[in-house]
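Right, one structure below, let's go through it.
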Amino acid sequence: MSAARRPLRALLEAGWARGARLRAAQPWTRWTARSGGWRLPLRVAAAALLAIWTAGLLAAAVQLAAWEDELARTLLQIRADTVFREHMDARREPIPREWYRVKTLALLAASEKLKDDSRWALFVPGSWRLFDPLRQRAATRIERAFSDIAVETVRRELHFRASQLTGVPQDGQTAELVATGDCASPPPVAMPPRAGAAPSELAERSAVQAQLAAIEQLDGAVRAMVALQGQGGADPGHLRLLVRYTLGVELPGQLSRSVGFFRTGLKPEDVTFTARGVPRIQRAVRCSLAKAMHALDARMFERNDLLAAEAFLAARYARLFAPRAAPLGFGETVDAYREVIAALDEQQLLLERPEYGWLHRKGTAAGPREPLLERIAAIGLLGPEAVVQVQRQSAVALERFRRQFGATFGPTLDAAGDAALVWSPQQGRLVLSAPRRALRDGLAALLRQPFMVAPARRAIPADAAGPLSWDSGRLQQALSFGEARRHFTDKELPNFPPGARAAVARFVDAHLADLVQDATVAALLPAGGAAADVAAYRAQHEQLAQVLALLAGLGARDRAEQLRSLLSRELLARLALADAAMARNAIFSDRTRHFGWWRGDGSPVLQAFGVADKLTLRYSLAQQLGQLEDIGREAGAYLPHGGASAAAYPTVQRWQGIVGELKRYRAGAADSSLLALEHYLVAVGAELDRANCVERLSLAAPPAGRTDEFAKLHAQIHNALLTRCVELRSAAAPARAAIPWG
């Protein structure tokens with residue numbers, strides 16, 4: 001060992017030795033040294049406990065501060081609400097429902113916010129119940145407010161919803177449904193009308209389904225209210241459902257405190273809800289459902305679509321197919337035909353639906369109503385009693401319907417014949433009878449005919465300026481409707497049931513008469529006074545004669561007479577033109593009828609015709625008579641088309657005589673008045689003068705007893721010449737009377 005380490009070792013050994021002597025000499029000192037190891041953990045534990053207590057105090061202070069703030073606001077609001085209600089009660093003014101709704105929702109939200117964790121109160125002994133019952137007093141106050149507002153609001157809203165649903169009035173004090181109040185039928189569901197709707201598609205059935213859905217919701221709310229009042233376990237779902245139904249709000253959270261407040265805040269009238277309120281609600285909903293089902297029964301039975309369609313068809317039959325039915329216009333008749341087709345289609349559509357199988361006398365009415373009855377039985381507020389009530393009510397309506405159905409469609413629906421409906425064993429249901437199907441198909445085929453177009457209603461003119469011309473193409477179009485009538489009568493009309501054929505034929509004839517008249521009037525063209533084409537006139541009037549016969553065959557004799565009158569007037573207009581043309585002829589001029597202009601120099605006849613000698617006179621007369629023959633030939637072409645009514649006109653009779661005389665002249669008949677006039681003018685008139693006129697005229701008197709136009713002209717010329725000759729011979733005053741001849 002080195003010299004440097006020896007002193008250090010010696011010092012250490014000396015220290016150990018000294019310590020050993022001290023321990024051996026002082027026992028208390030040894031015990032104190034050993035206990036110094038236990039005190040340290042105690043100190044650590046005390047420090048930790050103090051830290052935890054301090055943290056708990058801090059957390060409790062924060063929690064209690066927030067809780068106290070919320071509690072203070074809630075209590076202040078409760079106090080304000082109480083003052084408001086007392087003020088409204090003192091003034092006897094009703095508090096709006098919306099106020100109750102808002103306050104109830106606020107109380108529900110506040111009750112959940114006031115839920116504090118009581119473990120934090122362990123760190124504040126002054127807040128323990130033994131020293132300060134603040135929490136208990138606050139809970140009691142909130143429960144009282146909850147009972148006055150929240151529970152009361154929910155109860156009143158529940159009765160209000162029931163009243164709105166059923167129409168039963170509420171009691172002004174308790175808000176319960178009046179026990180003796182009458183209910184109302186639910187409002188109808190707005191649905192567009194549709195032909196052939198099945199029972200499941202009726203608006204009244206939709207109203208029943210909507211009513212049942214509303215009753216189901218009410219039933220769920222009533223069940224929730226009863227459960228919250230019961231002694232069993234409180235389910236927050238009941239309160240959530242109840243608030244959702246009555247207030248229309250979905251509550252969040254656990255709702256355990258609100259459920260507790262709801263149950264402990266019940267008032268006596270709330271406790272009696274099950275014993276008195278529920279039966280009244282039940283009576284109201286059953287009454288309302290009964291009325292809804294009654295409306296459905298009335299729609300299905302009393303206003304049954306088949307019966308309604310049949311009543312509609314009966315009215316249309318009376319207007320359209322009755323033997324003495326007044327004729328309707330084209331548009332009105334076509335609309336009525338379409339309505340008949342639609343009604344028959346609706347009946348067929350209804351009969352094809354399986355829900356209408358109960359209409360046969362062997363069926364029942366339960367089929368389309370069975371789902372409703374099952375749904376009614378499953379609702380607690382309705383139950384089997386409501387099902388029995390509905391069935392009893394429907395049985396009466398069904399029996400009435402059976403009697404009406406049988407009276408409407410006949411007692412023997414199984415037999416074929418003229419019944420509206422017949423039973424089809426192959427299809428296992430009622431079907432339209434064969435006459436009904438034939439009527440529907442026949443009307444549909446008629447409406448598809450090319451001639452089924454609206455007439456233009458062209459009126460035959462009462463006074464048309466003649467002469468007239470006619471469009472042969474349009475006249476042919478008018479005649480084509482006769483072929484259309486023959487085709488319809490032969491091919492389509494036999495398809496109609498016998499009872500409807502006469503009426504349909506009358507309608508078709510009347511409509512075709514309208515079309516014939518329209519085409520005929522459209523064919524009328526003013527001739528404008530131009531020279532007529534006799535051949536075209538003859539062809540046109542042959543067509544017009546066929547048109548007249550067609551109108552008469554269609555039963556439009558009055559229209560045929562109107563057209564015949566128009567043709568007669570048009571004939572008179574043409575004859576008037578012929579009269580004017582004949583008046584322009586030299587033979588009929590004033591110079592040949594009145595000889596007051598003759599002064600006795602030369603022959604008055606030669607001067608009247610403007611010729612110098614007998615030969616020229618003969619040539620001039622030949623020309624004038626040729627013109628008369630042309631006029632007569634044209635007029636003769638018109639006369640046969642005047643008809644029987646025109647034959648009575650004096651003008652027509654006169655021209656018939658003129659045309660006949662012209663024919664005798666052309667034939668050189670010995671009794672021709674025109675031939676006698678020609679011989680008179682040439683043989684006598686060419687050699688007359690003042691000196692011999694009286695003698696020669698006295699010997700050349702015209703034949704007596706003839707009354708035709710040319711005989712009258714002959715006598716007029718002769719008398720005028722003789723009168724002038726006497727005047728000139730006497731050289732005094734004019735003769736006072738003419739010598740009569742013929």
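Quick notes on this one:
- Peptides 282-289, 169-176 ranked from most to least packed, by the mean per-residue count of other Cβ atoms within 10 Å: 282-289, 169-176.
- With θ taken as phi - 60° and the Karplus curve 6.51 cos²θ - 1.76 cosθ + 1.60 applied, the whole-hertz 3J(HN,Hα) list for the range 576-592 is 5, 5, 5, 4, 5, 5, 5, 5, 7, 5, 5, 5, 9, 6, 5, 5, 8 Hz, x standing for glycine and proline.
- On a per residue basis, the convex hull of the C-alpha atoms belonging to the range 585-730 measures out at 111 Å³.
- Formal net charge of residues neighbouring Arg316 (Cβ-Cβ distance under 15 Å; K, R +1; D, E -1): -2
- Within the shell defined by Cβ-Cβ distances under 14 Å, the residues around Leu381 carry a net charge of +3, with Lys and Arg each +1 and Asp and Glu each -1.
- 5 angstrom amide H check on Leu468, placed H, neighbours 5+ away: Ala527
- Database remark: amide H of Leu421 closer than 5 angstrom to the amide H of Ser433 (H placed geometrically; neighbours at sequence offset of 5 or more, or on other chains; Pro and chain starts carry no H).
- Phi to ³J(HN,Hα) by Karplus 6.51 cos²θ - 1.76 cosθ + 1.60 over the range 674-686, Hz, x for Gly, Pro: 5, 5, 5, 5, 4, 4, 4, 5, 7, 7, 9, x, 6
- Across the range 303-317, coupling constants 3J(HN,Hα) worked out from phi with the 6.51/-1.76/1.60 Karplus curve, θ = phi - 60°, read 10, 4, 5, 5, 5, 5, 5, 5, 5, 4, 5, 4, 5, 5, 4 Hz, and Gly and Pro carry x.
- Residues His679 and Ala704, FRET efficiency given R0 of 22 Å [Cβ-Cβ distance, rounded to 0.05]: 0.85
- Here the dipole of the range 585-730 is about 120 debye; that uses its Cα centre as origin and unit charges on the Cβ of Lys and Arg (positive) and Asp and Glu (negative).
- Fully extended contour minus Cα-Cα distance, from Arg402 to Glu98, at 0.36 nm per residue: 104.3 nm
- Fewest-first sequence of Trp423, Trp470, Trp655, Trp597 by Cβ atoms within 10 Å of each Cβ: Trp597, Trp423, Trp470, Trp655
- Net charge of neighbours whose Cβ lies under 12 Å from the Cβ of Ala519, counting Lys and Arg as +1 and Asp and Glu as -1: -1
- The trypsin sites (Lys or Arg not before Pro) found in the range 598-659 that occupy coil by DSSP, while having at most 13 further C-beta atoms within 10 Å, are Arg599.
- Protection proxy ranking of 583-596, 557-570, by the mean of other Cβ atoms within 10 Å over each peptide's residues and highest first, is 557-570, 583-596.
- Near Leu177, the amide H atoms lying under 5 Å from its own belong to Asp171; only residues 5 or more places off or on other chains count, and H is placed 1.01 Å from N.
- Applying 1/(1 + (r/R0)^6) with r as the Cβ-Cβ distance of Arg448 and Val178 and R0 = 60 angstrom yields a FRET efficiency of 0.40.
- Net charge dipole, the range 621-673: roughly 80 debye, given to the nearest 20, about the Cα centre with Cβ charges of +1 for Lys and Arg and -1 for Asp and Glu.
- Over the range 445-544, the hull volume per residue, using the convex hull of the C-alpha atoms, is 101 Å³.
We did not get these values from a lab; they are worked out from the coordinates using the rules stated. Small disclaimer: the values here were computed from a predicted structure and weren't measured. Reconstructed Cβ throughout: ideal geometry from the backbone, glycine too, with neighbour counts over all protein chains shown.
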